[in-house]
Amino acid sequence: MHFDYTDKVQDLRARLLEFMDTHVYPNEARFNQEVAENRAKGNAWIPTKLVEELKPKARAAGLWNLFLPHSKRAPEGLSNLEYAPLCEIMGRVPFAAEVFNCNAPDTGNMETLERYASEAIKDEWLEPLLRGEIRSAFLMTEPDVASSDATNIQCSIVRDGDDYVLNGRKWWSSGAGDPRCAVYIVMGKTDPEAPRHQQQSMIVVPSNAPGIEVLRPLTVFGYDDAPHGHMEVKLTNVRVPASNMLLGEGRGFEIAQGRLGPGRIHHCMRSIGIAERALELMCNRLNRRVAFGKPLSAQSVWHERIADARIKIEQARLLTLKAAYMMDTVGNKMAKSEIAMIKVIAPNIALEIIDMAIQAHGAGGLAEDFPLAYAYANQRTLRLADGPDEVHRVAVAKLELAKHSIVAEGMDMPITRGN
């Protein structure tokens, strides 16, 4: 495995870093101010003028739709390994990914539509998403069941003539608060009597279909995450054409595995980016603040913390690059252990390092004067989003146990190779 950046990636990385320095970092305060003003006016979900101003500049700089590989509709898309260092840079600022049309959940939805939708659906929904004209949401998690086991999902999708009718309640529907959110991908149950992993399906639903009600935004440690947002959505007799079904009834889990692999690793790439930024902010703070007659950076307790942070970032980055390499070379299914491992590691090391940085900033680290408190809240959600740590650890453990087991001839129980 070779993780050296190609000349192409080096060029894109240099351009992206320059764009961030010129247009993104200097405008963080303006972004927050716009959101605050919109909230004061009664609608925090209005898209910011800043991001809309930056999108054409990003596209002109050739920094657009970099996440989507193997698509004729997005020829600029990179492999997972190529995209990793770029996604990491975008992850340093919460709103940056949208500037480049590389933001969740749109990236996962665009990849789902590219892989599994009909050409008619691609023309109707994927094309405007690729142009950044609309936004989307992914409706999977439900408030009334343990959605970490997706077989529990109860939202019903029932065939009625040439249509499907949907009934259910979803929450943590990221992006559904944005007024530009025009389309949902909904996971629900089409056949409760089918085998366990063939009961679920995914279907494309226009967000303005009759019977859809956005009930409320959900907060994370007090943050409403506007203008992006995580919504609770109620579906009551929502009728959509049968042609909106992706792949066919009972193939929801198949689609989920294809969708969640790239989505999970993109989250991890961005987690490493914010961990890097937290370490940078921490070191700058420690060098500039004086306590008890010397800079905080001279206090030995911080040496250990800084070293631990650097070690953990490097470990997480290498595992992320390995997972990306495997996804590109042997596919998401063969890389599922690496994807599961990095999904556990990246948010956890980011949380640890952000926590260290908050401590270095003292009470200031808790305030909105610095990006750390919001970053902590955001990273904490990732220990649950796209599957909780416990589910990913179980997956890794089962794969590991399977590697070390054989079934002896004539025996019912497996024995380990070490016996």
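Any read-out appearing in this document is the output of simple, stated calculations on the displayed coordinates, not a laboratory observation. Fair warning: this is a prediction, and the values are worked out from it, not measured in the lab. Heads up, the Cβs are rebuilt from the backbone with ideal geometry, glycines too, and the neighbour counts pull from every protein chain shown.
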Links that overshoot a 19 Å alpha carbon limit, given the list Lys72/Lys336; Lys336/Lys398; Lys170/Lys398: Lys72/Lys336; Lys170/Lys398
How long are the three semi-axes of the equivalent ellipsoid for the chain, computed from the Cα gyration tensor as the root of 5 times each eigenvalue, in whole Å, largest first? 35, 29, 21
Where labels lie 7 Å past Cα in the beta-carbon direction, separation of Ala14 and Asp308 in nm: 3.9
Pairs of alpha-carbon atoms within less than 8 angstrom and 6+ residues apart define the contacts here; what relative contact order does segment 333-389 have, in percent? 35
If you take every residue apart from Arg310 with its C-beta less than 13 Å away from the C-beta of Arg310, what net charge results, scoring Lys and Arg +1 and Asp and Glu -1? -3
Considering every Cα-Cα pair within segment 1-47, what fraction, in whole percent, is farther apart than 17 Å? 57
For the pair Tyr223 and Gln198, what calculated FRET efficiency results from E = 1/(1 + (r/R0)^6), where r is the Cβ-Cβ distance and R0 = 51 Å, to the nearest 0.05? 0.85
Counting alpha carbon pairs within less than 8 Å and at least 6 residues apart, what relative contact order, in whole percent, applies to the chain? 14
Show me, for segment 264-277, the HN-Hα J-couplings you get by feeding each phi into the Karplus relation (A = 6.51, B = -1.76, C = 1.60, θ = phi - 60°), rounded to Hz, glycine and proline as x. 5, 6, 5, 4, 5, 4, 5, 4, 5, x, 6, 5, 4, 5
Check: C-alpha center segment 271-306 vs C-alpha center segment 335-362, spacing in Å is 17
Which FRET efficiency value, to the nearest 0.05, do you get for Glu119 and Asp163 by plugging their Cβ-Cβ distance into 1/(1 + (r/R0)^6) with R0 = 30 Å? 0.90
